[in-house]
Every structure is written in C-alpha cells, then in structure tokens.
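For reference, the structure discussed in these notes is given below.
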Amino acid sequence: MIEGNACPVLLPPRVRAPALYNRLVERRYRKSTKSRSGRRPPDPAFGERLASARRQAGLTQRELAARAGVTLNSVWRYETGRRPEDYDVLARLGEAVGVNVDFLLRGGGARAAGVAEPQRTWDAALRPLLASSGLRLVVPGKRAPRLNRAWRALGEDRKEEIRTLIRRGVALAAAVEHLLPDASARAVIRELSAELSATVVSRILARA
C-alpha cells in the first residue's frame, strides 16, 4: 500500500534479509516516482552490466535463463533494465555469469574482481557455447593444466576470437543436422568436433 508520497519496499520475507539490496531498492523508490503500472522505472545501467557479463561469460540469453532458473523473457527484461525484485534471483544471475551482486547493482569494485573469468578453466568458459549443438570439445585430460594456464593468460580479444570460432562451428553443425539424415549428420558432427577441438587447442596454446 502507498500512502501519500511514501513508497515502502514490500518484498517477500526471504528477501528482506539482504540489507544492501533493500537499501538500494528503497533509495531508488524515493528518488523516482512509480509508473502507472506500479513498477519502478528501468535501470539501464543494471541491464548493461548484466548483458556485458553474460557475453563475457560466453552465454546466450537462453543459456543464462537455464542456469539461473528463470524464463528467457525474464532475461530479456532484466537486460533492458528491469531488475528482479527477488534477491535470490539476482544472486543466481550473478552466479551464472560469474559476477557478484554488488557489481550488478552498482558496478562496485574493479571489473576483474566482479567477473570470475580469470579464474575459470578453459572448458568451463567454452563448453556452454556448445550446449545447443551436438559438438563436443575432446581433449586429453593430461593437457588440461597447460590449457588452463594458457587460457587464463590470454587477452580478452584472443578469447573472443576463440568464442567466435566455436559459434561458427555450432552454426555449421546446425546446418548439417538440418540437411543430412540422422546417421550421416552424427558422423559429420563427430568429425567437426575433432577438428574444432584441435583448432581450439592450437589457438589457446599459440602463445603459451
């Protein structure tokens, strides 16, 4: 209920505990008037930080929705600035893209501290890109430590080149599945997986 110009924050009991989130939401209620629909005005900066962190984590909106346990439409709304009212959802979004809640809300701290990319293994960073395809990155386990060290040392531009390579492979695999019979498509995709794995490994280790 709203009385006069007061705009109290009414959140579910399980959300009231995080004091930081409640203070920030209450502050925004006081600074801005509520729209006719009863919703807070969008927060474009929040949406931009979430979208940027999602892209850096190598996730599509659909993959983020699956990881955070929300709908694809909800992710779209969040990235246009509609912050979730439930702190649990906010925390799951941050965990899915590798950033903390404070970074999403305020951009707090250095970006390197907010994004967990430098600590991620190469396969944790790249395998989500293959989630919608039959492709697999097949690499001997004994090479994993060297690949992880090399991946963490790569600059963001080089990492994005490798992500783009994988996205192209996924698009090619989708075309193969559409054009060829099931058995033939599976055989071709196995070959594509082997070639893609070898190419990705060589790109990661190129300057190691």
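The values are calculated or read from the model by the stated rules, or taken from the named source; none is laboratory data. This one's a predicted model, so the numbers in the text were calculated from it and none came from an experiment. Here Cβ is always computed from backbone atoms with ideal geometry, including for glycine, and neighbour counts include all displayed protein chains.
Hey, can you tell me all the residues within segment 187-208 that are in a helix (DSSP H, G or I) and in contact with a helix residue (DSSP H, G or I) (Cβ under 9 Å, 6 or more places away or on another chain)?
Val188, Ile189, Leu192, Ser193, Glu195, Leu196, Thr199, Val200, Val201, Arg203, Ile204, Leu205
Which of the residues spanning segment 124-162 are under 15 Å from Ala206 (Cβ atoms), outside any loop (DSSP other than H, G, I, E, B) and touching a residue at least 12 places away in the same chain (Cβ under 8 Å)?
Hits for segment 124-162 are Arg143, Arg146, Leu147, Arg149, Ala150, Trp151, Arg152, Ala153, Arg158, Lys159, Glu161, Ile162.
Inside segment 110-141, can you point out the residues that are surrounded by fewer than 18 Cβ atoms within 10 Å (Cβ to Cβ), modelled with pLDDT under 80 and of a type in the set (D, E, K, R)?
Arg111, Arg120, Asp123, Arg127
Please determine, by comparing only the residues of segment 29-56 that are at pLDDT 85 or above and either in the same structural domain as Glu156 (by TED's automatic domain parsing) or charged (D, E, K, R) (or both), which one is surrounded by the most Cβ atoms within 10 Å (Cβ to Cβ).
Arg54
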